[in-house]
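Reviewing the structure listed below.
The values are calculated or read from the model by the stated rules, or taken from the named source; none is laboratory data. Here the structure is a predicted model, which is why all the values come from computation and not from measurement. No Cβ is skipped: glycine too gets one built from the backbone with ideal geometry, and neighbour counts run over all protein chains shown.
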Amino acid sequence: MRLDMEKPILDLNDRLAAENRALLNRHNVFVLDLLASPGAGKTSLILATIEQLRAEHRIAVIEGDIASDVDAQRIKAQGIPAVQINTGGACHLEAQMIRRALDALDLENLDLIVIENVGNLVCPTDFYLGEDTKAMILSVPEGHDKPLKYPGIFQVAEVVLLNKIDTMPVFDFDERQFRIEVKRINPSALIFPIAATQGRGIKAWAQWLASRAESKAERQSSGLVP
């Protein structure tokens, strides 16, 4: 007899995630789940995005890591609320973890929450957290073949951020082939080429994110968000 534990685990997670989403909708907060492998530039992107949006949007960050609070401290140093989640070895965040983090934030005074998921291109793809959208970062040094090797993460991402484009001349990265493979897997995916530490391409990305958050706020005020 074989017991399949994956479905019950995911079903429970999805129910808790739906509760998270309902809570966030009540407070009119837009949530981004940001996925990437370690070193792809998640925190650098978050910091650059905060710089672009903080004048007009109230932002908080939920940091997911196996251990340490280094990234959360970097966010807090910019005067932005940040909650650290240490998974103790788990390779992804789950809805119940996010709920505890939400309880530590002042949702009444937030417009946007960015979740920095644990660095991994596989595990986080199956776990809905209650977010409004998922985005992923791929850095140029990781190679243009990653959509072929890890199609799941490209399928669930509404946005793909191609980071560290300033290193393109140094690495054998075929951007044209990369775009072809991303669009084959996920035809509707938006692709933003960026260099987060230099601020290149960040404005276009931040404007897109702000427009999504503002659109939710408008729909919420019209009673269109459940």
Checklist entry - What single numbered condition from (1) farther than 25 Å from PRO141 by Cβ; (2) in a loop (DSSP other than H, G, I, E, B); (3) in contact (Cβ under 8 Å) with a residue 24 or more places away in the chain fails to hold for ALA55? => result (3)
Checklist entry - With respect to the numbered conditions (1) in contact with a strand residue (DSSP E or B) (Cβ under 6 Å, 6 or more places away or on another chain); (2) closer than 25 Å to GLN198 by Cα; (3) surrounded by fewer than 21 Cβ atoms within 10 Å (Cβ to Cβ), which one is the sole condition not fulfilled by LEU105? => result (2)
Checklist outcome for this item: Counted residues in the range 165-185 being of a type in the set (A, V, I, L, M) and either buried (at least 18 other Cβ atoms within 10 Å of the Cβ) or in contact with a helix residue (DSSP H, G or I) (Cβ under 7 Å, 6 or more places away or on another chain) (or both) come to 4
Checklist entry - Which members of the range 33-59 meet the condition of being of a type outside the set (Val, Ile, Thr), under 13 Å from the mean Cα position of the chain (by Cα) and within 18 Å of LEU105 (Cβ to Cβ)? => result ASP33, LEU34
Checklist outcome for this item: Among residues of the range 140-153 being surrounded by 23 or more Cβ atoms within 10 Å (Cβ to Cβ) and out of contact with any Leu (no Cβ under 6 Å at 6 or more places or on another chain), the residue farthest from HIS92 (Cα to Cα) is VAL140
Next on the checklist: Can you go through SER222, SER215, SER211 and tell me which one is among the small types (Gly, Ala, Ser) and farther than 22 Å from ILE115 by Cα?
Outcome noted: SER222
Item to check | Within the range 70-88, considering residues that are of a type outside the set (A, V, I, L, M) and assigned to a loop (DSSP other than H, G, I, E, B), the one nearest to GLY41 (Cα to Cα) | outcome: GLN78
Next on the checklist: On the basis of being modelled with pLDDT under 95 and either closer than 18 Å to GLU131 by Cα or not in a helix (DSSP H, G or I) (or both), does ALA67 make the cut?
Outcome noted: yes
Next on the checklist: I'm trying to understand the selection: among the residues of the range 170-192, which are more than 24 Å from the chain's Cα centre (by Cα) and either on the phi > 0 side of the Ramachandran plot or among the aliphatic types (A, V, I, L, M) (or both)?
Outcome noted: VAL170
Checklist entry - With respect to GLU131, is the statement that it is part of a loop (DSSP other than H, G, I, E, B) and touching a residue at least 40 places away in the same chain (Cβ under 8 Å) true? => result yes
Checklist entry - Is there a residue being over 22 Å from VAL159 (Cα atoms) and not in a loop (DSSP other than H, G, I, E, B) anywhere in the range 38-48? => result no
Next on the checklist: Taking the condition of being in contact (Cβ under 8 Å) with a residue 60 or more places away in the chain and in a loop (DSSP other than H, G, I, E, B), how many residues in the range 158-183 meet it?
Outcome noted: 1
Next on the checklist: Checking the structure you have, find out if any residue of the range 186-200 is in contact (Cβ under 8 Å) with a residue 60 or more places away in the chain, out of contact with any Lys or Arg (no Cβ under 9 Å at 6 or more places or on another chain), surrounded by fewer than 19 Cβ atoms within 10 Å (Cβ to Cβ) and in a helix (DSSP H, G or I).
Outcome noted: no
Checklist outcome for this item: In the set LEU105, LEU129, the lone residue that is more than 12 Å from the chain's Cα centre (by Cα) and modelled with pLDDT of 95 or more is LEU105
